[in-house]
1. Per residue of segment 114-119, in order, report the coupling 6.51 cos²θ - 1.76 cosθ + 1.60 (Karplus, θ = phi - 60°) as ³J(HN,Hα) in whole Hz, putting x for Gly and Pro.
2. Summing Lys, Arg as +1 and Asp, Glu as -1, what charge do residues with Cβ under 13 Å from the Cβ of Gly182 carry, Gly182 excluded?
3. Give me the net charge for the shell around Ser205: Cβ to Cβ below 12 angstrom, other residues only, Lys and Arg +1, Asp and Glu -1.
4. Largest first, please: the extent of the C-alpha atoms of segment 214-263 along each principal axis, to the nearest Å.
5. I need Asp123, Asp17 ordered by Cβ neighbour count within 10 Å, fewest first.
6. Could you work out [θ]222 nm for the chain from helices alone, using -39500 (n - 2.57) per DSSP H run of at least four and dividing by all its residues? Round to the nearest 500 deg cm²/dmol.
7. Over its Cα atoms, what ratio of radius of gyration to 2.2 N^0.38 Å does segment 130-280 give?
8. So if the hydrodynamic radius of segment 2-48 is defined as the Kirkwood radius over C-alpha pairs, what does Stokes-Einstein give as its diffusion coefficient at 20 °C and 1.002 mPa s, in µm² per second?
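Rule-based calculations on the coordinates, nothing more; no lab input. In this text, all values refer to a predicted model and were calculated from it rather than measured experimentally. Don't worry about glycine lacking a Cβ; one is built from the backbone with ideal geometry, like all the others, and counts go over all protein chains shown.
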Amino acid sequence: MSEEKVKGPTTTGHVWDDDLQELTNPLPRWWIWGFYITFVFTVVYWLFYPAWPIGSGFTKGVPGLNSITYTATTVDGKEVEKTTHWNMRSKYMVEMNELHAAQKQWFDKVAATPYEDVAKDADLMQFVNSAGKTLFSDNCAPCHQAGGQGKIGFSPNLTDDHWQYGGTYEEISHTIVAGRQGYMPPFKEVLKDEQIGQLANYVLSMSGEPHDAAAATAGAALFQSETAACYYCHGADAKGRTQMGSANLTDKIWLWADIPAEKTAEAKVDAVKKIISGGLARGVMPYWNERLKPEQIKLLTVYVHDGLGGGK
């Protein structure tokens, strides 16, 4: 009986329900050595690499063994090389610098190539569409939407052929660099409600929208008169002036009044009357020459003109 106890599994001596015992089988030797090796590795890692926080800093590890060099930009815009202990931030800086260096040669090519030639170069346009999409998403999409389609009542559509301030490369570039300040004065203190209604019907008639013909005829005369003087900003042909950013009233493109969304003729007239009566202090686009570099602005110009497909 004693011999069976020696050969059998060892227990803690605890017994439940007459025959249920708690065994004390030893851990596998390989597992124990693995635990010891892991422990030793952890201690060595703590000594050689940044690890433990101490006050406002942390342990730096062994100097020279875990250093990393990266390029940093100073406050005055100069690039200097810095060497510091290994950490995720410095590793990130190194990786970003490598990516920037790879991109820089393409930015330089775009900067040195005339607009029209960039559009003809398939390799350059591939880079323009790739980098331009990122620049557009980071800086332009919050207003013009991700695809550049804009939003009625808020920002213009950059994918069509209608450009209030002109759609040439130079005009688009100037818009990005200097920004735009759109404005239309309110006419509620100048014109009677009946006259505002006549102008609204005339504006709708030029776009082929439902309107009152008699009111539109009166509105046409009022449009060209010195009383309303709409022609001064929108032109005698009502096609707008790119120098002023005034809207073309003869097409079916609506920026401020969401006419396509209105279901009835009365609602359409009211929407236009609201614009004429209250005017517009919107249409403000900030300037980007202090945020974007010249080569980024040029690439973004080509992207908007050719990548989005609305330039002309």
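1. x, 3, 4, 6, 4, 5
2. +3
3. The answer is -1.
4. Cα extents, longest axis first: 32, 32, 14 Å.
5. Listing Asp123, Asp17 from fewest to most nearby Cβ atoms yields Asp17, Asp123.
6. Helix-only estimate at 222 nm: -14000 deg cm²/dmol.
7. Scaled against compact globular proteins, the figure is 1.11.
8. 154 µm²/s
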